[in-house]
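For reference, the structure discussed in these notes is given below.
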Amino acid sequence: MIDLRSDTVTKPTPAMRRAMASAEVGDDVYGEDPTVNRLQERAAEIFEKEAAIFVPTGSMGNQIAVKLHTRPGMEVVIEERGHIFNFEMAAMAAVSGTVARPVKSRDGSGILTWDEIAAALHINSAYYVAPTGLIALENSHNLAGGTLLTRARTEEICARAHELNLPVHLDGARIFNAAVALNETVAALARPVNSVMFCLSKALGAPVGSMLLGSRDLVAAARSWRKLLGGGMRQAGVLAAAGLVALEESPKLLPEDHANARRLAEGVAELAGISVDPEQIVTNIVIFDVSGTRRAADEICARLAEHNVLASGFGSSIRMVTHYDVSRADIETALQALREVIGEQ
Ligand SMILES: Cc1ncc(COP(=O)(O)O)c(C=O)c1O
């Protein structure tokens, strides 16, 4: 089975399994798991932030950040396809009492300009208008097809937001992909934001876990909210050990995933009824519109599964994501399967 549904489907590497089996552990609710502590220190060092906390999922990391930056009754400005808004239930309402103020990116890239954000802000508005409490960014942008927020754009947004005393949170589930594609460090991409979440369990390939980073005070407060949400784990060093391997070893493998995604897009672009611009595929996510085939995306995915290729249907689009368990040969096999499925009427 060639599984292109997401980069979350990777299995732990032999090095990760070895590290997990021999991990030194303790009770992390007491702050006594040496491997979790090492992961947190190493992540903070790489991101040049004061502190980091290990959380079970990216969703929990994002939602703790929303909670810490806002008060009930506030709005969170976010691009309309942002993960925090679309794929984390209504957690920003249920957990933080906030609502999203979704904003469309005019160029369709999913990457907002400051002017687009500024037009959606409510600062010192009439008393009956919900004030903006937070700007939430995403890099790379999942539903927009792995698109990139540059360092300059992040700096501009944060500088202008901070002039207004507005915090900025970055959903960096795939920030290592963004850093590779932009030839930047993750520290540079995250430097101006008040908090950043990244996932060990996506392109970096760890089985479980994400990190939330920011100031020492923010991370101390995050520890309480993680507990309240049921995310205080005990001998979590077994998981953190795989996370450490992912953090050290996986970033250097990402260029291959990006090259595979570009090759996939080039092959897909040749098929009748499908539209995708391979030049726009800059990380590991390929989203293509199949409406020209007059077939439903889900039906095409179901037929692909019969050819042992898994992909995700989203409305009239299909998403395929490359990762370390998919080789260049697998990409060619998947393309051949797609040619056959699209060729049949
Ligand atoms: C951009 C983005 N943010 C956050 C998440 C949430 O991560 P998790 O599935 O670990 O909750 C995802 C998951 O796909 C994601 O793609």
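The values are calculated or read from the model by the stated rules, or taken from the named source; none is laboratory data. Small disclaimer: the values here were computed from a predicted structure and weren't measured. Methodologically, a virtual Cβ is constructed for each residue, glycine included, from the backbone with ideal geometry; neighbour enumeration extends over all protein chains shown.
Just one of (1) more than 16 Å from the ligand (Cβ to nearest atom); (2) surrounded by 18 or more Cβ atoms within 10 Å (Cβ to Cβ); (3) closer than 21 Å to Thr283 by Cβ fails for Phe198. It is (1).
Residue-by-condition table, conditions (1) of a type in the set (A, V, I, L, M, F, W, C); (2) in a helix (DSSP H, G or I):
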| position | (1), (2) |
| --- | --- |
| Met197 | yes, no |
| Trp225 | yes, yes |
| Gln235 | no, no |
| Gly243 | no, yes |
| Arg263 | no, yes |
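Meeting the requirement of 3 or more residues that are of a type in the set (A, V, I, L, M, F, W, C) and within 16 Å of the ligand (Cβ to nearest atom), the helices (runs of 4 or more DSSP H) wholly within the stretch 26-135 are 58-69, 91-94. If you go through the stretch 266-309, how many residues are among the hydrophobic types (A, V, I, L, M, F, W, C), in a helix (DSSP H, G or I) and closer than 15 Å to Leu143 by Cβ? Residues meeting the conditions: 1.
Cβ separations smaller than 7 Å between residues 6+ apart or across chains give no pair from the stretch 49-78 residues that are modelled with pLDDT under 95 to residues that are of a type in the set (S, T, N, Q) and within 11 Å of the ligand (Cβ to nearest atom).
Residues in the stretch 1-25 that are out of contact with any helix residue (DSSP H, G or I) (no Cβ under 9 Å at 6 or more places or on another chain) and outside any loop (DSSP other than H, G, I, E, B) were compared, and the one that is nearest to Leu244 (Cα to Cα) is Pro14.
Filter the stretch 136-160 for residues that are away from the ligand (no atom under 16 Å from the Cβ) and small (Gly, Ala, Ser); which is farthest from Phe314 (Cα to Cα)?
Just the residues of the stretch 136-160 that are away from the ligand (no atom under 16 Å from the Cβ), to begin with: 150-153, 155-160.
Now restrict to residues that are small (Gly, Ala, Ser): 152, 159.
On the way: Ala152: 31, Ala159: 35 Å.
Step by step, filter the stretch 136-160, then rank; the result is Ala159.
Of all residues in the stretch 279-300, exactly one satisfies the criterion of being farther than 29 Å from Tyr324 by Cβ and of a type in the set (A, V, I, L, M), namely Ala296.
Taking the criterion of being crowded, with 21+ Cβ neighbours inside 10 Å and either among the basic types (Lys, Arg) or under 30 Å from Gly292 (Cα atoms) (or both), would at least one residue in the stretch 236-252 satisfy it? No, there is no match, as no residue in the stretch 236-252 is crowded, with 21+ Cβ neighbours inside 10 Å and either among the basic types (Lys, Arg) or under 30 Å from Gly292 (Cα atoms) (or both). State all residues of the stretch 161-179 that are aliphatic (A, V, I, L, M) and within 16 Å of the ligand (Cβ to nearest atom); if no residue qualifies, say none. Val168, Leu170, Ala173, Ile175, Ala178, Ala179 - these are the residues of the stretch 161-179 that are aliphatic (A, V, I, L, M) and within 16 Å of the ligand (Cβ to nearest atom).
How many residues are more than 9 Å from the ligand (Cβ to nearest atom) and either aliphatic (A, V, I, L, M) or out of contact with any Pro (no Cβ under 6 Å at 6 or more places or on another chain) (or both) when one looks only at the stretch 201-213?
Of the residues in that region, 7 qualify.
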